[in-house]
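Q: Here it is, the structure, as structure tokens.
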């Protein structure tokens, strides 16, 4: 009698392992590219860390610019990380890159956990791969390669963790407190985190499994946080005439979201985003009442709030094209991650929605082309950063004024003084 044949792995198991393998390859590729093309010294905004490092050495950090608004953002949480990683790597931002990458992996791990719980087993692998693509999207390279942008990944982690807590199967006071703490972390990293306050209130209102009185109690600390944010950001949140410029704001928002998949095609990107918003809204209507849709709608909603907040601060002074800044792709990719989660849930419900499938396939094609575009941008920036560092090291102390102006916002005197400090410490590029 012949021995029984070993059981063959099911297609679902094979698909799970394929997904894990793809995730590992994507993550390692991101790390390798970010380290290879990292900006090799403190440049531009990153030079503002120098006086904070000096203050930390003398015990006067509390009287430094640590708590100041920088470019419209309160970066205190990111500064706390950078003050640890910068001395570790002697000013070469490889430690900052590693920290940002680990924060991104934490975001992807949380998203993977939500996907396991919120997406039914029969969901086709193509939807799971699309979600994975945007969880570890090559567009993040624009922020991963520049050590200063630890702030972006702290904000993303705060947003993802907050959504995960608020959309948990059982939402109690402890999970609400954790969500609140994660939102504070996001806000203290990047101003975009402000969007978590209205998002949390919407999510609590949508929790039909909780009585209204319970939802009101859970909403109270979010209202208090919103008041604190409004008070501290009053100078930037006050009423302006920008509200009257709705078309310009709308185009900025659409460009911001569309840039996540079509930054290389700026004429197409806003309309791709508009089509996705319509399809996403239709999916939400078809799936109304299903709690498993909440995290995906929340991810997309947070990116939409991020786009609105950025538009209010940037659309009028810089124009709609400013929405395609490469650094914004880290936030807009969260919109597409959530959008694909909604499409995965809605795909098998109601009448066949052929145009949804066509749109999803179009988005994937654009996203893959956009990933190549962003990789090329990262390589170029890395090469320029290495050339600048080499020039400063070779020319020191006689660095030309044009270079000094370029590395710190047309302020050569400040740039030279901060380079002098880096030289005294033997920090990059003088190591």
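Q: So which of 52, 33, 41 is surrounded by 12 or more Cβ atoms within 10 Å (Cβ to Cβ), assigned to a loop (DSSP other than H, G, I, E, B) and either under 21 Å from the mean Cα position of the chain (by Cα) or modelled with pLDDT of 95 or more (or both)?
A: After applying the criteria, what remains is 41.
Q: Shifting gears a bit: Quick one: residue 20 ticks every box in (1) in a helix (DSSP H, G or I); (2) touching a residue at least 40 places away in the same chain (Cβ under 8 Å); (3) more than 16 Å from residue 415 (Cβ to Cβ) except a single one, so which number is it?
A: The number of the failed condition is (2).
Q: Same structure, new question: Looking at residue 128, is it touching a residue at least 12 places away in the same chain (Cβ under 8 Å), part of a helix (DSSP H, G or I) and under 17 Å from residue 365 (Cα atoms)?
A: Here the answer is yes, as residue 128 does meet what is asked.
Q: Related question: Look at residue 26 and say whether it is in contact (Cβ under 8 Å) with a residue 40 or more places away in the chain, farther than 18 Å from residue 101 by Cα and assigned to a helix (DSSP H, G or I). Step through it out loud before you land on a result.
A: On the way: in contact (Cβ under 8 Å) with a residue 40 or more places away in the chain: yes; farther than 18 Å from residue 101 by Cα: no; assigned to a helix (DSSP H, G or I): yes.
Taking the combined requirement at face value, the residue does not satisfy it.
Q: Then there's this: Residues of the range 58-89 being touching a residue at least 40 places away in the same chain (Cβ under 8 Å), crowded, with 17+ Cβ neighbours inside 10 Å and within 27 Å of residue 310 (Cα to Cα), which ones?
A: Of everything in the range 58-89, those that are touching a residue at least 40 places away in the same chain (Cβ under 8 Å), crowded, with 17+ Cβ neighbours inside 10 Å and within 27 Å of residue 310 (Cα to Cα) turn out to be 73, 74, 75, 77, 78, 81, 82.
Q: If you take the residues of the range 206-218 that are over 25 Å from the mean Cα position of the chain (by Cα) and outside any loop (DSSP other than H, G, I, E, B), which of them is surrounded by the fewest Cβ atoms within 10 Å (Cβ to Cβ)?
A: 213
Q: Also, quick follow-up: Just one of 306, 344 is over 22 Å from residue 129 (Cα atoms) and in contact (Cβ under 8 Å) with a residue 60 or more places away in the chain; which is it?
A: Result: 306 is the single residue among 306, 344 that is over 22 Å from residue 129 (Cα atoms) and in contact (Cβ under 8 Å) with a residue 60 or more places away in the chain.
Q: Residues in the range 92-105: is at least one closer than 30 Å to residue 291 by Cα and surrounded by fewer than 19 Cβ atoms within 10 Å (Cβ to Cβ)? So that I can check it myself, show each step before the final result.
A: Quick first cut of the range 92-105, residues closer than 30 Å to residue 291 by Cα only: 102-105.
Still in the list and also surrounded by fewer than 19 Cβ atoms within 10 Å (Cβ to Cβ): 102, 105.
Yes; the residues of the range 92-105 include at least one that is closer than 30 Å to residue 291 by Cα and surrounded by fewer than 19 Cβ atoms within 10 Å (Cβ to Cβ).
Q: Here's something else I'd like to know. What tally of residues in the range 149-181 results from selecting those that are crowded, with 24+ Cβ neighbours inside 10 Å and not in a loop (DSSP other than H, G, I, E, B)?
A: Residues flagged as crowded, with 24+ Cβ neighbours inside 10 Å and not in a loop (DSSP other than H, G, I, E, B) within the range 149-181 amount to 15.
Okay, residues lined up against (1) in contact with a helix residue (DSSP H, G or I) (Cβ under 8 Å, 6 or more places away or on another chain); (2) within 23 Å of residue 162 (Cβ to Cβ); (3) surrounded by fewer than 16 Cβ atoms within 10 Å (Cβ to Cβ); (4) in contact (Cβ under 8 Å) with a residue 40 or more places away in the chain:
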{"site": "262", "(1), (2), (3), (4)": "yes, no, no, yes"}
{"site": "285", "(1), (2), (3), (4)": "no, no, yes, no"}
{"site": "297", "(1), (2), (3), (4)": "yes, yes, no, yes"}
{"site": "302", "(1), (2), (3), (4)": "yes, yes, no, yes"}
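Rundown of residues vs (1) at pLDDT below 95; (2) closer than 16 Å to residue 48 by Cβ; (3) more than 28 Å from the chain's Cα centre (by Cα), yes/no style:
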site: 361; (1), (2), (3): yes, no, no
site: 380; (1), (2), (3): no, no, no
site: 389; (1), (2), (3): no, no, no
site: 398; (1), (2), (3): no, no, yes
site: 403; (1), (2), (3): no, no, yes
site: 415; (1), (2), (3): no, yes, yes
site: 418; (1), (2), (3): no, yes, yes
site: 423; (1), (2), (3): no, no, yes
site: 427; (1), (2), (3): no, yes, yes
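Q: Can you name every residue in the range 63-93 that is assigned to a strand (DSSP E or B) and within 19 Å of the chain's Cα centre (by Cα)?
A: 70, 73, 74
Q: Further, regarding this structure: Return the residues of the range 184-224 that are without any contact (Cβ under 8 Å) to a residue 40 or more places away in the chain and under 22 Å from residue 284 (Cβ atoms); say none if nothing qualifies.
A: Of everything in the range 184-224, those that are without any contact (Cβ under 8 Å) to a residue 40 or more places away in the chain and under 22 Å from residue 284 (Cβ atoms) turn out to be 197, 200, 201, 204, 205, 210, 212, 215, 219.
Rundown of residues vs (1) out of contact with any helix residue (DSSP H, G or I) (no Cβ under 7 Å at 6 or more places or on another chain); (2) over 17 Å from residue 143 (Cβ atoms); (3) without any contact (Cβ under 8 Å) to a residue 24 or more places away in the chain, yes/no style:
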| site | (1), (2), (3) |
| --- | --- |
| 374 | no, no, no |
| 378 | no, no, no |
| 389 | yes, yes, no |
| 404 | no, yes, yes |
| 407 | no, yes, no |
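Q: Which pairs have Cβ atoms under 9 Å, sit 6 or more apart or on different chains, and link a residue in the range 318-336 that is farther than 14 Å from residue 378 by Cα to one that is at pLDDT below 90?
A: Sorted first by the residue in the range 318-336, then by its partner, the pairs are 319/248; 320/248; 322/314; 322/315; 323/314; 323/315.
The values are calculated or read from the model by the stated rules, or taken from the named source; none is laboratory data. Just so it is clear, the structure is predicted and the values come from calculations on it, not from any experiment. Because the Cβ atoms are built from the backbone with ideal geometry, glycine has one as well, and the counts that use them run over all protein chains shown.
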